[in-house]
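Peer 1: One structure is given below, represented as structure tokens, and several questions about it will come after.
The values are calculated or read from the model by the stated rules, or taken from the named source; none is laboratory data. This is a predicted model, so every value here is computed, not measured. Counting neighbours? That spans all protein chains shown, and the Cβs are built from the backbone with ideal geometry, glycine included.
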Amino acid sequence: MKKINLIVVLCFVAIGAFAQSKKEFYELRTYELKFGSPRSNIENYFKNALFPALNKYGVKNIGAFGEMGLSDPGKIYILIPYASIEEFASVNAKIKTDEDFLKATQEYNALPPEKAPYARYTSSLMNAFDGIPQLVKPTADQKLFELRIYESYSEDAARRKRKMFNDEELKIFRDTKLNSVFFGEVIAGEHMPCLTYMLAFKNMEERDANWKVFSANPDWKRISSAAEYANSVSHIIRVFLVPLPYTQL
């Protein structure tokens, strides 16, 4: 009897461990706002229609960010974390016919062309990294976000950079307080082949200090000169973001 109970306990532990390690799937949208159009049109759509619909079908911790400083045209970044690629497909299919969503978008969909809230938006779809399979919510005092895109010159170079992060670099990030929000392998979107990740800090001073500690870390110096990771990144895009009032992250 004790042996059976032990087996049952071990099964539950294994199931729990699998659930915790299951990798999420991310969509990152970048909306380029239309010059002269009221920003409230698109923000009301997020707050009153899109986010509630996603929440209704179990999608939580949706991030909404604006660029630090004044950009022209302005941009809004929306991060949507799904439990899996299957959930991404099923939730988006359900939303299209959801009565509450359709009702909430009537005013938004009735906007004439001259009042269109954005010029365009791009979307990147990402598989979470093995080393950080689920999104990490920032603390309440972390109000500065750093979004980074690492382009690679080939698929193999991108694979080697992901391996570098999963096997060693993510640990160095944790040790030097480069606070990860998510890491994603981009499977569809711009700048491919590439990876995208986000870090959270209290302010720019903390950000600069922690990156300085990272740069001096002996393990980072070791792996950054390792032959197996050489030429794995060809270009870096960096954007500083701040949370918008309606963010859920």
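Peer 1: It is to be established whether one or more residues within the range 166-178 are of a type outside the set (Val, Ile, Thr), part of a loop (DSSP other than H, G, I, E, B) and over 21 Å from Ala83 (Cα atoms). Before you say what the answer is, go through the steps one by one.
Peer 2: As a first pass, look at the range 166-178 and keep what is of a type outside the set (Val, Ile, Thr): 166-171, 173-175, 177-178.
Pick out the ones that are also part of a loop (DSSP other than H, G, I, E, B) and you get 177-178.
Those left that are additionally over 21 Å from Ala83 (Cα atoms): 177-178.
Within the range 166-178, one or more residues are of a type outside the set (Val, Ile, Thr), part of a loop (DSSP other than H, G, I, E, B) and over 21 Å from Ala83 (Cα atoms).
Condition check ((1) farther than 16 Å from Arg29 by Cβ; (2) of a type in the set (D, E, K, R)) across all residues:
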residue: Leu147; (1), (2): no, no
residue: Glu151; (1), (2): yes, yes
residue: Asp156; (1), (2): yes, yes
residue: Glu169; (1), (2): yes, yes
residue: Phe173; (1), (2): yes, no
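Peer 1: Consider Gln106 against the criteria (1) in contact (Cβ under 8 Å) with a residue 40 or more places away in the chain; (2) at negative phi: it satisfies all of them except one. Which criterion is unmet?
Peer 2: (1)
Peer 1: List the number of the failed condition for Val136; all other conditions in (1) under 15 Å from Ser232 (Cβ atoms); (2) out of contact with any Gly (no Cβ under 9 Å at 6 or more places or on another chain) hold.
Peer 2: Checking Val136 against (1) under 15 Å from Ser232 (Cβ atoms); (2) out of contact with any Gly (no Cβ under 9 Å at 6 or more places or on another chain), the one that fails is (1).
Peer 1: Considering Leu199, Leu249, which residue is within 17 Å of the chain's Cα centre (by Cα) and outside any loop (DSSP other than H, G, I, E, B)?
Peer 2: Details: Leu249 fails: outside any loop (DSSP other than H, G, I, E, B).
Answer to the selection: Leu199.
Peer 1: Also, I was wondering about something else. If you take just the helices (runs of 4 or more DSSP H) that sit entirely in the range 1-102, which of them hold at least 2 residues that are modelled with pLDDT under 95 and over 17 Å from the mean Cα position of the chain (by Cα)? Walk me through it before giving the result.
Peer 2: Values: elements: 2-21, 39-45, 51-56, 85-96.
Ranges flagged: 2-21, 39-45.
Peer 1: Considering only the range 193-223, how many residues are surrounded by 15 or more Cβ atoms within 10 Å (Cβ to Cβ) and of a type in the set (Gly, Ala, Ser)?
Peer 2: Selection size over the range 193-223: 1.
Peer 1: Report the residue count in the range 116-162 for those that are in a loop (DSSP other than H, G, I, E, B) and in contact (Cβ under 8 Å) with a residue 24 or more places away in the chain. Walk me through how you get there before you give the answer.
Peer 2: Let us first name the residues in the range 116-162 that are in a loop (DSSP other than H, G, I, E, B), namely 116-117, 130-131, 133-143, 152-154.
Among the residues that remain, those that are also in contact (Cβ under 8 Å) with a residue 24 or more places away in the chain are: 116-117, 130-131, 133-139, 141-143, 152-154.
Selection size over the range 116-162: 17.
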